[in-house]
Amino acid sequence: MRSLVVVENTTRWPFAIPEVEVVPARTYLRDGRYADMRNTAVYNVCRHYGYQQVGYYVSLLAAARGHRPLPSVETLQRLKLAPVIRTLADDLEGLIRRALAPLKSDEFELSVYFGRNPAKRYDRLGQALFNQFPAPFLRATFARDGRWRLVTVRAVATSEIPDAHREFVLDRATAFFRRPARARRAVRSHHYDLAILWSDQDDDPPSDERAIRRFQRAARPIGLEATIVGPDDYGRIAEYDALFIRQTTRINHHTFRFAQRAAHEGMVVIDDPTSIVRCTNKVYQAELFERHDIPAPPTVLLQEGDPLELVRPLGLPLVLKRPDSSFSEGVVKVNTPDELAARLPEFFADSELVVAQAFTPTDFDWRIGVLDGAPLFACRYHMARGHWQIIAGQVRKRYGRVEAVPLGDVPRRVLTLAVRAASLIGNGLYGIDLKVMGRRVLVTEVNDNPSIEAGYEDRAAGLDLYRAIMAWFRRELDRRGETAGR
């Protein structure tokens, strides 16, 4: 990828970095040569970012040209919004308190250069600010009034960098612009860059390392270069063409922020933000299934103070679910009215609504993977030994057996219902959980971010499973490229 540094006056960019072109802002805005460039990252270090000022237009036209601006217009606008700053301050309260605790003064300014500060003790705080406001140079102001709070964050120009920081900034900029040698060598052999968001530190990752390597191998022959990125790479995600999230998604979580940023940048993304919202909330799905006549276990939505008689039609035992439950966590079985009354307050402490569902015991759940409206893989998830769920235990977890099944051996009514349920969510990658009880097939939930682990979900389809998902990314990228070229 070509790297351009755009600044009003090139003499104000005092750093010579190999393979980085420094361009006057007026030239970038007017010269057709830059308008026609492809695969270009634009690092906007203008002095004036205000609405309709030169820095604003550099980022705006960079986006229109298909370049990757840093900062984006969205970031520039968010920096001006006080509610955004207040929300960020609340989210980072613990990190701010720990980082600034040793300080004696009641005011502090933190300079952030491509996500870092010369003092290593501020690394995590600087990276967190950069992830929220991806811009080359930031300055955050903090004040202490009983406790430290974030007051402002703003983008700064090179003229505001202290002389004592210049050497550090040169090192940071050089490291930031330098692409890995593997990526530079591969530039002639692939058409698109795919970021796979994954971490081996997750407790329950949807894909293990072997599966991630298989995705990467499946990508290369069809012109995709798949690179593993982590939570700290939020600020650079727009450098890629597509994003494949292989961390467990949640709304108040970096996975959702990654999905939102990717969607805003026009990238192809699994899982997209809409799918995450729809799949991570059981209340939404209960309403959706009822409205569209999707057969599901009998369900009642409870609010605090509702009479327990509302759940009488469900019978006992029944299952209580937190709306955002996943991996069997936030799901409990209650056997008696007293147990129900005792457990409900725990659930209402976290949510205004709680899902109560009839207990539907089976030896296994069907998991049907669906991609773009078509079945992709199938498994039987057997219950953990001696337990009613596929996962037992919270600390030392026990898992039931996973039995991959060729799609041709899956009952047609199971596949048909799975595809129908997935179509109500979107056209991405989903894992639909179903139960077969006699002649009845019930959908228990539609999951975004379904598990795909080597030796489990892929046992029947083999490498074709990985190839199918990578081929979907390639088709979507080609389609968007054709649309943009019209």
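A few comments on the model shown:
Residues are listed down the side, and each one gets a yes or a no for (1) surrounded by fewer than 13 Cβ atoms within 10 Å (Cβ to Cβ); (2) of a type in the set (Gly, Ala, Ser); (3) assigned by TED's automatic domain parsing to the domain that holds Pro205; (4) in contact (Cβ under 8 Å) with a residue 24 or more places away in the chain:
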site	(1), (2), (3), (4)
Arg291	yes, no, no, no
Gln303	yes, no, no, yes
Lys321	no, no, no, yes
Ser326	no, yes, no, yes
Phe347	no, no, no, yes
Asp350	yes, no, no, yes
Val354	no, no, no, yes
Gly369	no, yes, no, yes
Leu376	no, no, no, yes
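- Members of region 250-290 found to be among the β-branched types (Val, Ile, Thr) and outside any helix (DSSP H, G or I), listed by number: Ile251, Val268, Val269, Ile270, Thr280
- Counted residues, region 400-427 - those being in contact with a Phe, Trp or Tyr (Cβ under 9 Å, 6 or more places away or on another chain) and closer than 19 Å to Asn449 by Cβ: 6
- Listed conditions (1) touching a helix residue (DSSP H, G or I) at 6+ places or on another chain (Cβ under 7 Å); (2) without any contact (Cβ under 8 Å) to a residue 12 or more places away in the chain; (3) within 27 Å of Asn9 (Cβ to Cβ) are all met by Val84, apart from (3).
- Out of Arg479, Arg486, sole residue that is modelled with pLDDT under 95 and assigned to a loop (DSSP other than H, G, I, E, B): Arg486
- Which listed residue is under 24 Å from the mean Cα position of the chain (by Cα) and either surrounded by 12 or more Cβ atoms within 10 Å (Cβ to Cβ) or hydroxyl-bearing (Ser, Thr, Tyr) (or both), from Leu95, Leu100: Leu95
- Test result for Arg38, part of a helix (DSSP H, G or I) and among the charged types (D, E, K, R): no
- Among the candidates Arg121, Arg86, residue that is at pLDDT below 85, surrounded by fewer than 19 Cβ atoms within 10 Å (Cβ to Cβ) and charged (D, E, K, R): Arg86
- One residue alone among Met437, Met470 is modelled with pLDDT under 95 and among the hydrophobic types (A, V, I, L, M, F, W, C), and that residue is Met437.
The values are calculated or read from the model by the stated rules, or taken from the named source; none is laboratory data. These figures come from a predicted structure and were not determined experimentally. Positions of Cβ are backbone-derived with ideal geometry, glycine not excepted, and every protein chain shown enters the neighbour counts.
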